[in-house]
1. Condition (residue is at pLDDT 80 or above, touching an Asp or Glu at 6+ places or on another chain (Cβ under 7 Å) and within 30 Å of residue 699 (Cα to Cα)) applied to the stretch 747-766: is it met by at least one residue?
2. Only one residue in 941, 950 is closer than 21 Å to residue 878 by Cα, over 45 Å from the mean Cα position of the chain (by Cα) and modelled with pLDDT of 60 or more, so which one is that?
3. Go through 638, 671 for me and flag whichever is in a strand (DSSP E or B) and among the hydrophobic types (A, V, I, L, M, F, W, C).
4. Would you mention how many residues in the stretch 652-666 are modelled with pLDDT under 95 and either part of a loop (DSSP other than H, G, I, E, B) or within 20 Å of the chain's Cα centre (by Cα) (or both)?
5. Kindly list, by first and then second residue, each pair from a residue in the stretch 235-254 that is on the phi > 0 side of the Ramachandran plot and small (Gly, Ala, Ser) to a residue that is surrounded by fewer than 17 Cβ atoms within 10 Å (Cβ to Cβ) and not in a loop (DSSP other than H, G, I, E, B), limited to pairs with Cβ atoms under 8 Å and residues at least 6 apart or on different chains.
6. Which one of these does residue 133 not meet: (1) modelled with pLDDT under 95; (2) in contact with a Leu (Cβ under 8 Å, 6 or more places away or on another chain); (3) of a type in the set (Asp, Glu)?
7. Quick test of your reading of the structure: residue 790 fulfils all but one of (1) modelled with pLDDT under 90; (2) surrounded by 13 or more Cβ atoms within 10 Å (Cβ to Cβ). Name the failing condition by number.
8. Can you pull out the residues in the stretch 604-622 that are assigned to a strand (DSSP E or B) and over 23 Å from the mean Cα position of the chain (by Cα)?
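The values are calculated or read from the model by the stated rules, or taken from the named source; none is laboratory data. What you see is a predicted model, and the numbers here were worked out from it, not measured in a lab. Reconstructed Cβ throughout: ideal geometry from the backbone, glycine too, with neighbour counts over all protein chains shown.
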Amino acid sequence: MAVHDEGEFENAIEASLIESGWHAGLRTAYDKKLGLDLEELATFIGATQNDEWERLRAFYGGDVAEAQHRFAAHVAKQIDERGTLDVLRHGVKDRGVLIRLAYFRPAHTLADNALVQYEKNRLTVTRQLAYSEKAPGNELDLTLFVNGIPVATAELKNNYTGQTVEDAKKQYRRDRDPNELIFARRTLVHFAVDQELVFLTTRLAGAETMFLPFNTGSAGPGNTGGAGNPPALPGRYRTSYLWDEVWQPDAWVDLLRRFLHLEKGGKSGGGKKDTPHNRKLIFPRYHQWHAVRSLVDHAAHNGSGHNYLVQHSAGSGKSNTIAWLAHRLSSLHGDDNEPVFDKVLVITDRDVLDRQLQDTIYQFEHKAGVVRQIGHKGEGAKSEQVGEALSGETAKILIVTLQTFPYVLDKVSDLRGRKFAIVVDEAHSSQSGESAAALKRVLTKLGSDDIDEDADPLTASALARGKHETLSYFAFTATPKPKTIELFGTHRDGEVRPFHVYSMRQAIEEGFILDVLRNYVTYKTYWRLANGNPDDREVDERKASAALARFATLSPASMQQRAELIVEHFVKHTRGRLGGRAKAMVVCRSREHAVKLYRAIRKYVEDLGYDGCGTLVAFSGKLAVDGLEADTVTESGLNGISESALPRAFAYTKADDPHAASRDQAEYRILVVAEKFQTGFDQPLLTTMYVDKPLAGVAAVQTLSRLNRTHPRKEQDDLFVLDLANEADDIQKAFRPFYEATITTPTDPNLIYTAHRAVMDHQLLVESEMRAFFDEYVRAQERRRGTAFDKAHAELYRLTDPARDRFAQLLEDDPDQAEKFRGDLRDYIRKYGFLAQICGFQDEELELLYVYGKMLVQRLPRREDPAVDLGKVDLTHLRITKTGEHDVSLDPEGEQLLPGFTGDGGGKQHEPEKMSLSELIADLNERFGLNLGEHDAVIGPANDVISDDPNFMKAAALNNDLDNFGHVFDDAFEDKMAERLENNTRMFREFNDNPDYNSALKSLARRYAYESLRKDVA
């Protein structure tokens, strides 16, 4: 059917709605003062609660019309006080009589009349509703009512008339007064619609109204693609899903019941009272609604025992998706009307998700205790809480951390016949930097060490117990690895893929996150070293190379240059952005690196008197800087605030604090981190990242994605990455697999037999010894505590002694062959630990070697691997240089196939190659000192100045600040530079004729000399 005007577009939508079960509403039935359709309200109550209505009418007296109007006025008052959602969900009481305003589909339909009341809901669509007393000519294209209460409006535009969804947005912004009753205190959501796109808003605010896309994605819902909608099927529009699927009566009523919720404390500001009408209303984005419904439908039809991988990008709203999913699963009934799950476990490290679930589900249920968080303050408390929560009836949803989850699994294994849904929030699993390690310790304590070699907690949690018909995993991640995909993914057409996708590409194109690769600047550090040792010792090349590079990077001169580069860039390019709110993160390669750079940044800021550069540092545990016990530091000790208070302190901005002048609270704009806050840290004011750490794969994506969060003041051009350690192309390659969808190929289960044969062919293991060990192992598992277990554990050690001794002898006779055995055994353990979850082997020989090998591999002796001793090495030259400005944004290429799991990587320990220290330094100088000449050797001339009169220079450094020290040092430094450059005319001219170059060189040398002299005393 050709559609040539807006009216025909309305006709098509209305006809579809009425066919699906809606009713056509009457414009004249709408009461503008009360904001209700009085006829539909009366019809619904009469059809569903006539007895209650007659009781209530007796209180009112008078005629029916008068009673109906007075009750409608009471409903209107209740909506004004409590909000539309609460009234629809929980009804109103009037003179002790409860009147329901909507009936929702029950979880099960065992009763014969289970659906009778639900099917009497009255969903009406009214066209061209005149809603305003002040402006009677204003009309809404479509208004959707539930039992006489308006819940949604829609403005339609027809592309054939030259108008688009943008015109519908303008109409809402320009022509719809937000203070009108229907917008301010009745309807919940407003749709702007044309034949191509849908946008929505839950709050009209005039010109400031913000619309969000509500589209399926260019390839359809849950598939790889970008923004927009796929081409329409014959006889349909691209946007037909809105009225055919979302507004379908069952789906629409379910959405009102189970999805919409108000953010707690989300008031609009301006001194307004916190009411339901000025709190932020959350309406699901299309991919969230579709993902939850798809997961729930599959679980309802197929029962427990299935795994699901949800690849949703950063910015997808995973917290809300998880909350909605957990709530649905907690009351889900299958096709047989039986509960699918007894409990829902949500694994997350985010306290905000616990609070969000508690508040959201209370809005749905009006029942406390449905959600319970399992604390983690001591093992006894864990066990007690877990047992009570799992066996009790009140708590349906348990929030557990990665550390407490294994204790829950241990209890679950004792609850025969109970079924559990496990929702895994992987993306926020390692903010503290210690979660994965803690998880591994607990798994080991429970008799398992099956953790992914990449310390991937999501995969580890599954490996802890494997696939079981009573457990279903719902795993959320933006960056799935091949093992994760194979454990949780869906097998289709010879590949394993996510169950549902909302891609990074779509999130960027829809404006929910920013593109961190658009403005990427790389720098490289060049340095030269000198061997100051009297003897030219031999060293392990690999270890010595790393130690020399670390020495160069952590040297005072290097820290000074890095601090200067970071602070000057921050001051010039970042400090003023977002109205003076922009913040930066500095990513360091080690704790010592972070502490030294933090100190260098603070000193540089202090020396130059810069404002607005407050700096914090984040790292775990205690650190003895340079190995000095006297300089042992902690994060909280350096910052002066607790670790838990750091995120809030970093989030504070003076620009948003009306009492900033009187409060005098410290504002922090730069955060220096080492293995903390690189995943799961959500700070929208971050605009700049200084990367001083090699990044690859998932780590690169998760770290740089800290910048992608949106903020009302933040635009794409505000983002900036300055990278001192990586090539831009390498970072782009790291992002590519996760830009759209990530898939893999199934692992060949027969790999395990090749791995088994490789171990046994070494002829170090004896089957009778392995069987004796296994029999004792089974007995030990039966007595897990007490003296009996201690004796059994000792016996297990004794039974692995013969193989250990044979290995020790082989290590002495043939080290290469011994290391080959170690590598083959580790390879087998990795392969079996993974493949057993996928394939469910029923092979006694395989299990025997796995159980025995796990104990033995820990006991195999290792050759001594002494630390490298570099002796005296000097850094003679240093320069940090910009190497390029890049836009490495990705182009659409479709699904990315990652190689499947092979388990390779155990390998033997190779004999370290030895070379002289001088040769190694020369080699490193060639690689890292490229294009570096004498004009960069600021340290050499600086040391010349000091050595001419060390006592005088030390006194000058101790008794002056840096600037005044320069009056003594700078002239002497120029003289020494002139001596060094007298044979290099071009460089001599550059130093004397280029004031910027001259100043920069003197500044670096002055700081180096000043700190070196003062450090000697300190």
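1. Yes: the stretch 747-766 contains one or more residues that are at pLDDT 80 or above, touching an Asp or Glu at 6+ places or on another chain (Cβ under 7 Å) and within 30 Å of residue 699 (Cα to Cα).
2. Details: 950 fails: closer than 21 Å to residue 878 by Cα.
941 is the lone residue from the list that is closer than 21 Å to residue 878 by Cα, over 45 Å from the mean Cα position of the chain (by Cα) and modelled with pLDDT of 60 or more.
3. Working: 638 fails: in a strand (DSSP E or B).
Just a single option satisfies the conditions, and that option is 671.
4. Restricting attention to the stretch 652-666, the residues satisfying the condition of being modelled with pLDDT under 95 are 654-666.
Filter again for either part of a loop (DSSP other than H, G, I, E, B) or within 20 Å of the chain's Cα centre (by Cα) (or both), leaving 657-659, 664-666.
Qualifying residue count for the region: 6.
5. none
6. It fails just one condition, (2).
7. Only one criterion is unmet by residue 790, namely (2).
8. Filtering the stretch 604-622 down to residues assigned to a strand (DSSP E or B) leaves 615-618, 622.
The answer is 615, 622.
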